[in-house]
Structure formats: C-alpha cells, structure tokens
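S.K.: This is the structure I have questions about; it appears just below.
The values are calculated or read from the model by the stated rules, or taken from the named source; none is laboratory data. Owing to the predicted nature of the structure, the values given are computational and were not obtained by experimental measurement. Virtual Cβ from ideal backbone geometry, glycine too; neighbours counted across all protein chains shown. The area values use the complete protein model at the heavy-atom level, side chains included, leaving out ligands, DNA and RNA. Shrake-Rupley method; radii C 1.70, N 1.55, O 1.52, S 1.80 Å.
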Amino acid sequence: MKKLSPRNVPAEPFFLRTDCGRRFCLYHAPHAEKECRGAFIYVHPFGEEMNKSRRMAALQARAFAAMGFGVLQIDLFGCGDSSGDFSDARWEIWKQDLAVARTWLEERVSTPVSLWGLRLGALLALDFARSAKKKVAQIILWQPVISGEAFLTQFLRLRLASEMLAGDRDKTGGTSALRASLKAGMPLEVAGYELAPDLAGAIDSLKAAELVVKNSPVHWFEIVAEPGRTMTPAGSKVVGAWKQSEVQLFLHLVPCLPFWATQEIAECPQLVSATTNVIAT
C-alpha cells in the first residue's frame, strides 16, 4: 500500500454539538511523526467567499498539520454543512461557535490554541480573542476586512447588480435604500443569502482599528498585486492604530491573486508558503 505523504493525510469530518444545533467540522490532526506544536481554529469568510476559499483553507491546514499543528475547520451556524438557516445567523452565535470549537480542541491537544481568520472571519477571530477569558496563543489574519460598513455596502451591491441584470435598476434605489430596509427590521435576500437586520447591523459596526488584541501576537498577511506594492492607505491606518495600542503586530505583504473573489477557484501557493514559514520560526 502506498504511504500517504503528510500533506495528503485526510481530515476527520464530524459534527460538533452546540446549544443550537450541530456544526460540521474537519479536523486536521498533527502528523503522527511530528511533536504537537499547537492548534488552530480556522474562521472562514462570509458568504460566497467561504466557498471560493475552501481550496486555500485546505492547503494551509494540511501544511500546518505536516508541521505538527492541529487545525479545526468549523462551518459556523447557518453556513456550509452546519445546521441552522443563514437567515437566523447572528454574530454572537458565531462567537459562541468559536468558544465550543476551542473547548473541543483543548480537550484534544494539550498545546495552546491559536486563531486563523480570513476576510470577515479575521474580524470575527479578533472580536472573539479580545473578549475571551483565556489568552489566544497567536492570531493569523489573511486579508482582514478593514471596515464592516464598506464590506456590507459591497455585499449589498451584489443585489443591485442582480436587479440591474434583471432590468429592475430602479427597484431598490441603491444601497442607502437597502440599508434603510435593514434598519426597519426587514431581512434582505442578497446573492442567495437571506441577511438578517441584526447580523447586518453587527457587521456594519465592525472597525478593524477598534478590534485591538494586545496579549497575543498578530500576523497580518496582506495580498498585494505584485512585488514591491505597499499597503493600502486604509490598511496602513489600522496598522498605525494597532501599533499605537501596543499590539504585537507583524505585517507580511504577499503578491498573489485575491483567491476569495476570483471567478474560478484559485490557489495562492505564495501565501501558504509565507504563512508556513512565519509559523515555523
């Protein structure tokens, strides 16, 4: 029988019980020949970005496992194969999911637990870490969303684009009208996702600059179009704010495609390599 390489060891699928249903999880155990060095909880991005990023999440999780890190990938409430309707998803439920995931990991490994979040998942990881009673060992951020307000506006534009394609350009009146509907308590269907006003409000209020986590090293991996490009002005402001707040921040600029938003599933081996090298040191 052909021996599996460390990078090809299959993950363990299972459902994790919570107070409000079951969450689908994949656990990438540390390779048996490696000493367990720690564990990560992967916090996936929002909406379709989650599906576009599954390949990259799997590649990085396998790379971590080959280094001796366990990785728990959890589909949050109402997402992926977990129970619950997306229309009932709330920010606080997702934070509770991370708490359940952390407890499960701590019962499985005796090493510190870290967080690894992508896009909006990066903000969820930061929000969870700053309110957690126990210190998170370290936090990896892949292309974190800078402003929840801007992110929500971009998401709402998907509905406007759909209506324009359908010939209903004047139906909603723009993102301001959509926001007004949400504030009036009306859920909105956007790109196949029914967005609840409470969740929209929580996302709208998020500001990366305010999600300060002082007691854990934070590695921020920012995607740039080509080598030599610098951070965006908005990102630089967050970096400056965090440094003023004495966040242990390490910034890494990586040239590659925005794989979470490409039309076809894309890989960014440079990001996996950069992340793996940083954690290996």
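S.K.: Across the range 191-208, which residue is farthest from Ala89 (Cα to Cα) among those that are surrounded by 13 or more Cβ atoms within 10 Å (Cβ to Cβ) and without any contact (Cβ under 8 Å) to a residue 60 or more places away in the chain?
M.R.: Checked the range 191-208; the qualifying residue farthest from Ala89 (Cα to Cα) is Asp204.
S.K.: Under 7 Å between Cβ atoms, at least 6 apart or on separate chains: pull out the pairs that start in the range 136-150 with a residue that is of a type in the set (Lys, Arg) and modelled with pLDDT of 95 or more and end on any residue that is in a loop (DSSP other than H, G, I, E, B) and open to solvent by 10 Å² or more (accessible area, probe 1.4 Å).
M.R.: none
S.K.: Still on this structure, please answer the following. Taking only pairs six or more apart or across chains, which ones have beta-carbon atoms under 8 Å, a first residue in the range 235-250 that is open to solvent by 100 Å² or more (accessible area, probe 1.4 Å), and a second residue that is part of a helix (DSSP H, G or I) and modelled with pLDDT of 95 or more?
M.R.: Listed by first residue and then by second, the contacts come to Lys237/Ala209.
S.K.: Hey, another quick one. Pairs please, first residue from the range 61-85 and closer than 16 Å to Gly117 by Cβ, second anywhere and surrounded by fewer than 22 Cβ atoms within 10 Å (Cβ to Cβ) and of a type in the set (Asp, Glu), Cβ atoms under 7 Å, 6+ apart in sequence or on different chains.
M.R.: Note: pairs meeting the criteria are Asp75/Asp81.
Residues are listed down the side, and each one gets a yes or a no for (1) hydroxyl-bearing (Ser, Thr, Tyr); (2) farther than 26 Å from Phe155 by Cβ; (3) modelled with pLDDT of 95 or more:
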| position | (1), (2), (3) |
| --- | --- |
| Ser5 | yes, yes, no |
| Leu16 | no, yes, yes |
| Pro45 | no, no, yes |
| Val100 | no, yes, yes |
| Trp104 | no, yes, yes |
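S.K.: Answer yes if at least one residue in the range 211-227 is open to solvent by 10 Å² or more (accessible area, probe 1.4 Å), more than 20 Å from the chain's Cα centre (by Cα) and aliphatic (A, V, I, L, M), and no otherwise.
M.R.: yes
S.K.: If you go through the range 151-173, how many residues are over 20 Å from Lys52 (Cβ atoms), assigned to a helix (DSSP H, G or I) and either open to solvent by less than 60 Å² (accessible area, probe 1.4 Å) or modelled with pLDDT under 75 (or both)?
M.R.: 2
S.K.: Among (1) of a type outside the set (Asp, Glu); (2) out of contact with any Ser or Thr (no Cβ under 6 Å at 6 or more places or on another chain); (3) open to solvent by 40 Å² or more (accessible area, probe 1.4 Å), there is one condition Val100 misses while meeting the rest; what is its number?
M.R.: Here Val100 clears every test but (2).
S.K.: Further, regarding this structure: Which of the residues belonging to the range 65-76 are surrounded by fewer than 24 Cβ atoms within 10 Å (Cβ to Cβ) and assigned to a loop (DSSP other than H, G, I, E, B)?
M.R.: Gly68, Asp75
S.K.: Would you pick out the residues in the range 253-281 that are among the polar types (S, T, N, Q), within 22 Å of Gly235 (Cα to Cα), in contact (Cβ under 8 Å) with a residue 40 or more places away in the chain and not in a loop (DSSP other than H, G, I, E, B)?
M.R.: Once the filter is applied, which keeps residues that are among the polar types (S, T, N, Q), within 22 Å of Gly235 (Cα to Cα), in contact (Cβ under 8 Å) with a residue 40 or more places away in the chain and not in a loop (DSSP other than H, G, I, E, B), the range 253-281 yields only Thr275.
S.K.: Yes or no: Glu33 of a type outside the set (Phe, Trp, Tyr), under 25 Å from Thr281 (Cα atoms) and over 13 Å from the mean Cα position of the chain (by Cα)?
M.R.: When the stated conditions are applied, Glu33 passes them.
S.K.: Which members of the range 94-114 meet the condition of being in a helix (DSSP H, G or I), farther than 13 Å from Asp127 by Cβ, in contact (Cβ under 8 Å) with a residue 12 or more places away in the chain and not charged (D, E, K, R)?
M.R.: Within the range 94-114, Val100, Ala101, Trp104, Leu105 qualify.
S.K.: While we're looking at this one, here's another question. Hey, does the range 137-147 have a residue that's crowded, with 24+ Cβ neighbours inside 10 Å, in a helix (DSSP H, G or I) and touching a helix residue (DSSP H, G or I) at 6+ places or on another chain (Cβ under 9 Å)?
M.R.: Within the range 137-147, none of the residues are crowded, with 24+ Cβ neighbours inside 10 Å, in a helix (DSSP H, G or I) and touching a helix residue (DSSP H, G or I) at 6+ places or on another chain (Cβ under 9 Å).
S.K.: Here is a further query. Could you tell me which numbered condition Thr230 fails, if it satisfies all but one of (1) polar (S, T, N, Q); (2) in contact (Cβ under 8 Å) with a residue 60 or more places away in the chain; (3) open to solvent by 20 Å² or more (accessible area, probe 1.4 Å)?
M.R.: The failed condition is (2).
S.K.: Further question on the same structure: Out of the range 28-64, which residues are open to solvent by less than 10 Å² (accessible area, probe 1.4 Å), farther than 28 Å from Gln263 by Cα and in contact with a helix residue (DSSP H, G or I) (Cβ under 8 Å, 6 or more places away or on another chain)?
M.R.: Across the range 28-64, the qualifying residues are Ala39, Phe40.
S.K.: Is it the case that Ser87 is open to solvent by less than 40 Å² (accessible area, probe 1.4 Å), among the hydroxyl-bearing types (Ser, Thr, Tyr), at pLDDT 95 or above and assigned to a loop (DSSP other than H, G, I, E, B)?
M.R.: no
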